[in-house]
Amino acid sequence: MRKSLIQQDLTLLMRAAGAGDRAAYSALYEAVYAELRRVAAASMRREAPGHTLQPTALVHEAFLRLTPGESGWENRRHFFSAAAEAMRRILVDHARHRLAQKRGAGAERVTLSGVDLPAGTGGVDVLQIDEALQQLGAERPRLAELVTLRYFAGMSIEETAQALEISPATAKRDWAFARAWLQDRIDSRQGG
């Protein structure tokens with residue numbers, strides 16, 4: 001009962017913030033900060049050692065980039081999908097910036113959590129993940145959203161299933177398919 005009340009309050013805050021209520025926007029930030037910080041820390045653990053972006057900075061930047069659009073955020077799923085997408089874009093922008101600074105000397109490497117990489121692979125370029133995820137989104141939007149929620153928002157299979165309003169078994173099947181699809185695209189781009 002308490003959890004549904006909290007989710008209901010969070011949904012009301014999201015809608016009010018989406019409608020332009022600055023007080024609701026501030027209250028929303030306070031309400032979701034800890035969870036966004038946890039998600040950011042999980043995302044940063046997948047980054048290459050020595051990464052200059054910190055989880056706190058990622059959360060702040062992501063929250064600044066969150067724009068609810070004309071209709072606001074409808075629910076927790078919509079909000080955390082937007083937050084995960086904002087974090088993904090920030091990490092991609094950061095990798096592109098670092099790559100430009102290195103004048104093409106190599107991109108930052110991250111590993112795909114939950115994806116079995118071939119032996120000898122030290123990680124996957126975040127730009128390759130982004131490109132493959134965009135391709136997946138064009139072909140199978142729900143699978144791309146599932147990957148975004150699992151990988152960038154750090155949601156479990158059960159949380160992802162609930163957010164996408166599908167069964168956990170379907171989410172698990174879709175996750176296995178999406179991982180294989182992404183791995184195939186990344187491998188083909190690496191000439192492997």
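Observations on the structure shown:
- Relative to the current alpha-carbon distance between Asp187 and Glu165, full extension at 0.36 nm per residue lengthens the span by 4.8 nm.
- For Asp125, the amide hydrogen comes within under 5 Å of the amide hydrogens of Val110, counting only partners 5 or more places away or on other chains and with H modelled in the peptide plane.
- Residues with amide H under 5 Å from that of Trp73, placed H, sequence gap 5 or more: Gly18
- Accessible-area value, Ser167, 1.4 Å probe, nucleic acids and ligands omitted, Å²: 50 Å²
The values are calculated or read from the model by the stated rules, or taken from the named source; none is laboratory data. Given the structure is predicted, the values throughout are model-derived calculations rather than measurements. Ligands, DNA and RNA are excluded from the accessible area calculation, which covers all protein heavy atoms including side chains. Shrake-Rupley method; radii C 1.70, N 1.55, O 1.52, S 1.80 Å.
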